[in-house]
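Enquirer: Dropping the structure in here first, questions after.
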Amino acid sequence: MAKGESDQSHPARPQQVGRPRRSQKALLDAAAEVFVTSGVDAPVREVAAKAGVGVGTIYRHFPTRPELVVAVYRHQVEACAEAGPRLLAESPTPEAALRAWVALFVEFLVTKHGLAGALHGDSTGSDALHTYFVSRLVPVCGDLLEAALEPVDATPAVDAYNVLKGIGNLCIGAASDTKYDADALVQLLISGVLSCEPR
């Protein structure tokens, strides 16, 4: 009997360990979709409905709205960072990988509504997010740039940090102006960065 009880208890452990991770990812994915369409001030019940859970579940994971917004932001940064190596492995050329990644980065910037306002003036939190953003995405961009320029044995005219900064500046206002094609301008920027002289 003791043996039977032991056998029944073991299979349940992986489910208990794995469920919180899967649930939190589903919540963050749902919240990200809601924020894109409704902004970060969308009612929590809208996020809960999108995720297919109760409002209480959202609050158990993220007791305050700023915590939820920051978690979504970090989740999206991680997705963007992880996409770099994947695109480099799957794309026909390193340049195609760079351009596809840059398009994802533009989408991330344009659809990130009202983050600063959601933090209610928490400059420390904003600074920490900026540091995290830079530390995760600049190396990914740098690797893609280096790979894209390797066939012509060239180095970029500007480093990855300035490329991302330039992309960010080109994306300002894109979310509120449907006539403004930030993606097209960013791709032109990448063309300029790649058209440098060989070493």
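The values are calculated or read from the model by the stated rules, or taken from the named source; none is laboratory data. Keep in mind the model is a prediction, meaning the values are calculated, not measured. Note that each Cβ is placed from the backbone with ideal geometry, even for glycine, and that neighbours are counted across all protein chains shown. Please note that ligands, DNA and RNA were not included when accessible areas were found on the heavy atoms of the full protein model with its side chains. Shrake-Rupley method; radii C 1.70, N 1.55, O 1.52, S 1.80 Å.
Enquirer: Could you please find all residues in segment 18-50 being over 18 Å from Thr111 (Cβ atoms), open to solvent by less than 70 Å² (accessible area, probe 1.4 Å), modelled with pLDDT of 90 or more and in a helix (DSSP H, G or I)?
Expert: Passing the criteria: Val44, Ala48.
For (1) within 14 Å of the chain's Cα centre (by Cα); (2) charged (D, E, K, R); (3) under 18 Å from Ala128 (Cβ atoms), each residue gets a yes or a no:
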residue	(1), (2), (3)
Gly52	no, no, no
Gly56	no, no, no
Tyr59	no, no, no
Thr64	no, no, yes
Ala71	yes, no, yes
Arg74	yes, yes, yes
Leu87	no, no, no
Pro94	no, no, no
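Enquirer: Go through the residues of segment 143-150 one by one and say whether even a single one is part of a loop (DSSP other than H, G, I, E, B) and open to solvent by 80 Å² or more (accessible area, probe 1.4 Å).
Expert: Residues of segment 143-150 part of a loop (DSSP other than H, G, I, E, B): none.
No, segment 143-150 has no match at all.
Enquirer: Residues that are modelled with pLDDT of 90 or more, open to solvent by less than 40 Å² (accessible area, probe 1.4 Å) and β-branched (Val, Ile, Thr): does segment 58-70 have at least one?
Expert: Within segment 58-70, one or more residues are modelled with pLDDT of 90 or more, open to solvent by less than 40 Å² (accessible area, probe 1.4 Å) and β-branched (Val, Ile, Thr).
Enquirer: Let me ask another. Across segment 171-199, what is the total count of residues that are open to solvent by 70 Å² or more (accessible area, probe 1.4 Å), modelled with pLDDT under 85, assigned to a loop (DSSP other than H, G, I, E, B) and closer than 20 Å to Thr93 by Cα?
Expert: Selection size over segment 171-199: 1.
Enquirer: Next up: Taking into account only those residues within segment 151-170 that are part of a helix (DSSP H, G or I) and open to solvent by 70 Å² or more (accessible area, probe 1.4 Å), which is farthest from Ala83 (Cα to Cα)?
Expert: Taking segment 151-170 first, the residues part of a helix (DSSP H, G or I) are 151-152, 160-170.
Subsequent filtering for residues that are open to solvent by 70 Å² or more (accessible area, probe 1.4 Å) retains 151-152, 161-162, 165, 169.
Values: Pro151: 22, Val152: 24, Tyr161: 18, Asn162: 20, Lys165: 19, Asn169: 22 Å.
Applying the filter and picking the extreme gives Val152.
Enquirer: Checking the condition at pLDDT below 95 and among the β-branched types (Val, Ile, Thr), which residue from Thr111, Thr93 passes? Don't jump to the end; show me each part of the working.
Expert: Details: Thr93 fails: at pLDDT below 95.
Unique residue meeting the criteria: Thr111.
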